[in-house]
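The values are calculated or read from the model by the stated rules, or taken from the named source; none is laboratory data. Every value quoted in this text rests on a predicted model; they were computed, and no experiment measured them. Neighbour counts are summed over all protein chains in view; Cβ atoms, including those assigned to glycine, are modelled from backbone coordinates with ideal geometry.
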Amino acid sequence: MAATTGSAELPDIGVLSYSTPAAIATFSSLVHTNMSGKPTLSADNRTVKYVEYTLTVEGIVTLDDDAGASTTDNQMRILRQALEYPAGVLSYTGRGFGDIIVNSPSGSLFDVNWGPVPKLFDFIPLGAMRSAQIKWQVVFCIPETIATNLNLPVLQFNSTNEISYDQDGYSTLTYLGTLEIPLTRQPNNPTVPVSTVDGTAANPSGYRKTWLGKITDTFDLTRFKITRRDLNFSRDLRTLEFNFVAQEQPPMGNPAGILTAKGSFVVRQLKPGPGSAQWMCVLSATYTIPKNLPRRVAYEAFVSMWSFRMRQAQLGNMANIQNIYNDPRAIQSDFLVYAGYRNLLNAGGVDTSGFGGTLNGKRAPYVPAGSKAIMMNFVAREGLYEDSKTISFEASWQVTTRLFAILRASGFLQTSDIEGGNSSAPNMWALSVKKISGPVSWLQNSLDPASFAIVDFGT
């Protein structure tokens with residue numbers, strides 16, 4: 001269907017039309033127009049992301065001589081269907097403003113905010129239903145900084161940063177930002193968007209991974225842990241408000257592949273009293289395992305520290321303890337890493353290629369002959385149902401040594417490779433959680449454009 005605003009004896013100059021799948025409206029010379037533009041700044045106020053134009057059209061609709069009708073009823077019905085429909089093809093040429101053709105399939109200029117969007121339609125009948133006075137207003141958003149926006153990647157990408165320190169001197173980094181892309185309805189498929197701010201049908205989470213990765217890739221995971229990632233998508237799927245929080249890590253890093261590890265180590269006299277040389281060591285820890293890793297990774301991590309600290313009991317050899325402390329090899333004593341630990345991480349998709357020699361094979365530590373630890377108790381606690389993401393262990397053993405040697409003999413303040421016992425361990429954990437701490441994580445959670453539709457009620 002198509003309609004004009006009627007015949008006129010004045011010559012038409014230029015073109016003013018609005019074409020939609022519902023109808024096409026072409027204005028004659030019996031109207032006058034007003035174009036108003038408002039540059040719209042990005043959230044950081046550093047650039048103009050687009051110019052919001054408001055086109056106001058006022059004039060007379062006359063009965064079309066070729067319509068064969070006695071009233072403007074049918075003419076106005078078609079005009080309403082066209083002029084009240086969003087995201088049409090708007091042509092405004094020959095007015096001395098420069099040719100503006102928005103959303104033409106063969107053009108290069110497209111609205112970046114789901115428009116053009118009609119805002120006003122006024123109607124005043126005149127001349128016994130043979131003419132009418134109308135006022136129409138439409139808003140469209142186009143970039144003025146470039147000739148075409150077909151390949152415009154984003155409209156804005158910025159963030160505000162915050163650094164805070166707690167009473168212990170540990171820092172927290174917070175990033176609040178905005179990612180916005182241009183979107184409009186496609187003339188050949190007006191009901192389904194071809195992409196979202198998250199990505200495209202061919203590359204879900206593409207925008208998120210590419211642009212938000214510019215922030216998450218800057219986090220030093222050997223020093224900071226990502227504790228919060230909030231993604232808030234706008235309803236029109238053009239804008240993403242994001243929030244990242246990174247907290248400074250404590251001295252002992254988490255085991256590779258473990259998201260959260262908490263625990264304690266207690267050393268106490270087995271029987272209180274003066275001169276007692278018997279000590280009880282109690283190690284306990286709770287682990288949170290990623291969804292993509294087998295839960296026995298927690299057991300491997302616990303056994304790593306448990307075995308390492310039990311073996312340190314040989315450093316408490318009371319018969320030759322002074323010679324042991326003078327031997328530099330004792331300080332470099334290291335735990336024998338399980339070969340299967342790396343296999344578990346690989347099975348969960350964790351890249352262990354950068355872990356170095358620590359996980360490449362078994363490395364025998366230097367352990368002098370001497371007293372041994374005696375295992376006393378072992379407890380494994382599995383979280384169930386809503387607590388099933390955690391698993392806990394507790395182990396205790398007995399050590400016999402002098403008071404001044406108990407810290408060394410119990411492994412107090414010492415950790416195995418996996419727990420951060422050498423310079424490579426923090427990097428091991430960083431590599432194992434790099435994907436989990438990124439903008440996408442191991443679970444894509446992407447917004448598939450094909451699952452969204454635009455519903456125009458009443459059409």
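If you go through region 105-119 and keep only what is in contact with a strand residue (DSSP E or B) (Cβ under 8 Å, 6 or more places away or on another chain) and without any contact (Cβ under 8 Å) to a residue 40 or more places away in the chain, you end up with G107, V117, P118.
For region 259-293: of the residues being touching a helix residue (DSSP H, G or I) at 6+ places or on another chain (Cβ under 6 Å) and farther than 23 Å from R402 by Cα, which is surrounded by the most Cβ atoms within 10 Å (Cβ to Cβ)? Among those that are touching a helix residue (DSSP H, G or I) at 6+ places or on another chain (Cβ under 6 Å) and farther than 23 Å from R402 by Cα, it is Y287. Test T71 against the criterion of being in contact with a strand residue (DSSP E or B) (Cβ under 8 Å, 6 or more places away or on another chain) and either modelled with pLDDT under 85 or on the phi < 0 side of the Ramachandran plot (or both), and give yes or no. No: the conditions fail for T71. Looking across region 356-390 at every residue that is of a type in the set (V, I, T) and either within 22 Å of T260 (Cβ to Cβ) or in a helix (DSSP H, G or I) (or both), the one that is modelled with the lowest pLDDT is identified as T358. Scanning region 135-151 for residues that are modelled with pLDDT of 55 or more and assigned to a loop (DSSP other than H, G, I, E, B) yields P143, E144, T145, I146.
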